[in-house]
1. For region 22-51, which positions are among the basic types (Lys, Arg) and touching a residue at least 24 places away in the same chain (Cβ under 8 Å)?
2. Which of the residues spanning region 88-119 are assigned to a strand (DSSP E or B) and without any contact (Cβ under 8 Å) to a residue 24 or more places away in the chain?
3. Is there a residue being out of contact with any Ser or Thr (no Cβ under 7 Å at 6 or more places or on another chain), among the acidic types (Asp, Glu), at pLDDT 85 or above and not in a loop (DSSP other than H, G, I, E, B) anywhere in region 41-51?
4. From the residues in region 22-53 that are of a type in the set (Ser, Thr, Tyr) and touching a Gly at 6+ places or on another chain (Cβ under 6 Å), which one is surrounded by the most Cβ atoms within 10 Å (Cβ to Cβ)?
5. Based on what the data block shows, is CYS8 under 18 Å from PRO121 (Cβ atoms) and either of a type in the set (A, V, I, L, M) or surrounded by 10 or more Cβ atoms within 10 Å (Cβ to Cβ) (or both)?
6. Tell me, yes or no, whether region 54-72 has at least one residue that is under 24 Å from ARG2 (Cα atoms) and open to solvent by 50 Å² or more (accessible area, probe 1.4 Å).
7. When you look at ARG19, is it in contact (Cβ under 8 Å) with a residue 40 or more places away in the chain, open to solvent by 50 Å² or more (accessible area, probe 1.4 Å) and outside any loop (DSSP other than H, G, I, E, B), yes or no?
8. Which one is farthest from the chain's Cα centre (by Cα), of the residues in region 85-112 that are closer than 23 Å to ARG42 by Cβ and either among the polar types (S, T, N, Q) or open to solvent by less than 30 Å² (accessible area, probe 1.4 Å) (or both)?
Amino acid sequence: MRGWLIQCALADGHTVIGRVRRDLALYTVPHPPRRRRPGRPRKYGARLTPDRVAALPVQRSARILYGQMEVVRWHSCRVAARFLHGRVVRAVWVELERPDRPGKPPEQRLLLCTDPDLPAP
């Protein structure tokens, strides 16, 4: 999904859930400062690298997808999306466990939800 499309849907009052590119610039949500400093407060925290994403807690569940039972693994956290100008969103990295493809690594997809309080499942 494109940033302008998400911004237009948000302006109309909709919550957007969709697949986005895996290489987006995502950052942790910065903590508010304990005392006021001169200058603008931080908009972004530390950048989420693939190592930090892999360190997030993994959850698994069995779901019926495409007409058959699939095991889904996901990582989820609240992030500040750079392409949405620092808006806090929920990012979910999803992998399907495919026992019929033992030689191939699972394909990871990134889903984004503009309501950060919505649970990942």
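The values are calculated or read from the model by the stated rules, or taken from the named source; none is laboratory data. Here the structure is a predicted model, which means the values were calculated and not measured. So basically every Cβ, Gly included, is an ideal-geometry build from the backbone, and we count neighbours across all protein chains shown. Keep in mind that these areas ignore ligands, DNA and RNA; they rest on the heavy atoms of the full protein, side chains included. Shrake-Rupley method; radii C 1.70, N 1.55, O 1.52, S 1.80 Å.
1. So the first thing to find is which residues in region 22-51 are among the basic types (Lys, Arg), and the list is 22, 34-37, 40, 42-43, 47.
Listed by number, the residues that qualify are ARG22, LYS43.
2. VAL94, GLU95
3. We begin by selecting, within region 41-51, every residue out of contact with any Ser or Thr (no Cβ under 7 Å at 6 or more places or on another chain); these are 41-44, 47, 49-51.
If we keep only those that are among the acidic types (Asp, Glu) too, we end up with 51.
This time we only want the ones that are at pLDDT 85 or above, so: 51.
In the following step, the residues that additionally are not in a loop (DSSP other than H, G, I, E, B) were identified as 51.
Scanning region 41-51 turns up at least one residue that is out of contact with any Ser or Thr (no Cβ under 7 Å at 6 or more places or on another chain), among the acidic types (Asp, Glu), at pLDDT 85 or above and not in a loop (DSSP other than H, G, I, E, B).
4. Taking region 22-53 as the starting set, the residues that turn out to be of a type in the set (Ser, Thr, Tyr) are 27-28, 44, 49.
Checking the rest, the ones that are also touching a Gly at 6+ places or on another chain (Cβ under 6 Å) come to 27-28.
Numbers: TYR27: 17, THR28: 15.
Restricting to residues being of a type in the set (Ser, Thr, Tyr) and touching a Gly at 6+ places or on another chain (Cβ under 6 Å), the top hit is TYR27.
5. Details: under 18 Å from PRO121 (Cβ atoms): no; either of a type in the set (A, V, I, L, M) or surrounded by 10 or more Cβ atoms within 10 Å (Cβ to Cβ) (or both): yes.
Criteria not met by CYS8.
6. no
7. On the way: in contact (Cβ under 8 Å) with a residue 40 or more places away in the chain: yes; open to solvent by 50 Å² or more (accessible area, probe 1.4 Å): yes; outside any loop (DSSP other than H, G, I, E, B): yes.
Here the answer is yes, as ARG19 does meet what is asked.
8. We begin by selecting, within region 85-112, every residue closer than 23 Å to ARG42 by Cβ; these are 85-91, 112.
Adding the requirement that they be either among the polar types (S, T, N, Q) or open to solvent by less than 30 Å² (accessible area, probe 1.4 Å) (or both) leaves 86, 89, 91, 112.
Details: GLY86: 13, VAL89: 7, ALA91: 1, LEU112: 5 Å.
The extreme case among them is GLY86.
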